[in-house]
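Asks: Below: one structure in structure tokens.
Just so it is clear, none of the values below were taken in a lab; they were calculated from the coordinates. Remember, predicted model here, so these are calculated numbers, not experimental data. In this analysis, Cβ positions are derived from the backbone assuming ideal geometry, glycine residues included, and neighbour counts consider all displayed protein chains.
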Amino acid sequence: MKLVCLLLCSTLLLFVSPKKAVSKTLWSDFSLTLLQGKDYEVGDNEKKVATFEFAAGHSWGDQFFFLDYLSSDNGDHETYFEWSPRYQLMTIDQSSIKALFIASTIESSNFSGEDGSSNSFINYLVGLGSSFDIPHFNYAKLNLYRRNNEQSADNYQATFTWAVPIGVLYYDGFIDWTSTSKDKRSSMNFTSQLKYNLGDLLNTENRVYIGVEYVYWRNKFGIKGVDENNVNLLFKYHF
């Protein structure tokens, strides 16, 4: 645990080193998403979710941050965030793999139940990442992590993210796979969004999406036999 935390801290220090302090931001994006679904597993079945997202590419690598605020009809509330900076190690020419990275993630949750119960945790992930050059895709990324979990045994995770235009629609999402540990079963979370940009109809250059988010989560939170099939209505605005 101490070794992995040291590696993660060393990676983050690279981002703020004097050499990198003058690095350039190549692009950035802010968005707000509103979701509503009624087939959630674990806790109340019906939830509303507000998600703030920030993504950016830099001369040193890239980063992605999101913050979820989940509210349930039964009075439960949860705040969950992930921050995933990746430090670029090398680029690869004339290859389907564009670049390799040191990949890291901090994930944290704070839960407050209507019955007065509460729970919070913070986990640290560190490993290797890659970006792929796939025809027609806006991006495709794969990260392989060692997970250092606060409230359960450590394990491993693979995360694949993608985005691809399909005609007038836009399809993006992620797949998280986590390995079995002493107290958790192997889990797979497939979450994707299919959406349509209303920006032109609304006469704005900003992207304004409506659509659906679909979640299939096998062994949710590593709990054996808890499988979620969940469709959410989606509204997303890019600033």
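Asks: Provide the gained length on full extension for the span Glu205 to Asn119, in nm with one decimal, where the gain is 0.36 nm per separating residue minus the Cα-Cα distance.
Replies: Full extension of this stretch gives 26.8 nm more.
Asks: Take the Cβ-Cβ distance between Tyr237 and Asp73 as r, set R0 to 22 Å, and report the resulting FRET efficiency rounded to the nearest 0.05.
Replies: Plugging the Cβ-Cβ distance into 1/(1 + (r/R0)^6) gives 0.35.
Asks: Put +1 on the Cβ of each Lys and Arg and -1 on the Cβ of each Asp and Glu in the chain; which of Asn206, Val126, Ala153 then has its Cα farthest toward the positive end of the dipole?
Replies: Checking the options against the dipole of the chain, the answer is Val126.
Asks: Could you tally the net charge around Arg185, taking each other residue with its Cβ under 13 Å from the Cβ of Arg185, Lys/Arg +1 and Asp/Glu -1?
Replies: On the way: positive: Lys182, Lys184, Arg218, Lys220, Lys224; negative: Asp183, Asp227.
Spelling it out: positives minus negatives among the neighbours equals +3.
Asks: Points 7 angstrom from Cα along the Cβ direction at Gln94 and Tyr216: gap in nanometres?
Replies: Spacing of the two 7 Å Cα→Cβ label points: 3.9 nm.
Asks: What is segment 97-197 by shape, rounded, prolate or oblate, if you read a ≥ b ≥ c off the alpha carbon gyration tensor as root eigenvalues and call it rounded for a/c under 1.5, prolate for a/b larger than b/c, and oblate otherwise?
Replies: oblate
Asks: Right, here's the next one. Lys24 to Tyr196: FRET efficiency via 1/(1 + (r/R0)^6), r the Cβ-Cβ distance, R0 45 Å, to the nearest 0.05? Present the calculation step by step, with values, prior to reporting the outcome.
Replies: On the way: r = 33 Å, r/R0 = 0.73.
It comes to 0.85.
Asks: Say R0 is 30 Å: what FRET efficiency, to the nearest 0.05, do Ala153 and Asn229 get from their beta-carbon distance?
Replies: 0.65
Asks: Give the shape of segment 92-154 as rounded, prolate or oblate, defined through the alpha-carbon gyration tensor: a ≥ b ≥ c are the square roots of its eigenvalues, a/c under 1.5 means rounded, and otherwise the shape is prolate if a/b is larger than b/c and oblate if not.
Replies: Prolate shape, in that a/c is at least 1.5 and a/b is the bigger ratio.
Asks: I've got another one for you. Quick one: dipole size for segment 2-238, taken about the Cα centre, charges +1 on Lys/Arg Cβ and -1 on Asp/Glu Cβ, in debye to the nearest 20.
Replies: The calculated dipole for segment 2-238 is roughly 940 debye.
Asks: Take Gln36, project a point 7 Å from its Cα along the Cβ direction, then tell me which residues of segment 173-212 have their backbone nitrogen under 16 Å from it.
Replies: Label zone hits: 210-212.
Asks: I would also like to ask the following. What net charge is computed for the residues neighbouring Tyr145, neighbours being all others with C-beta under 12 Å from the C-beta of Tyr145, Lys and Arg scored +1, Asp and Glu -1?
Replies: Details: positive: Arg86, Arg146, Arg147; negative: Glu82, Glu107, Asp154, Asp176.
Local net charge: -1.
Asks: Compute the distance from the alpha-carbon center of segment 199-239 to that of segment 140-181, in whole Å.
Replies: Rounded to whole Å, the Cα centres lie 15 Å apart.
Asks: Per 0.36 nm of contour for each residue apart, how much would the distance between Leu169 and Phe132 grow if the chain were fully extended, relative to their Cα-Cα spacing?
Replies: Details: separation 37, 0.36 × 37 = 13.32 nm, distance 2.17 nm.
Extending this stretch completely gives an extra 11.2 nm.
Asks: Which Cα, out of Leu32, Tyr80, Ile92, lies furthest along the positive dipole direction of the chain (beta carbon charges, K/R +1, D/E -1)?
Replies: Ranked along the dipole, the leading option is Ile92.
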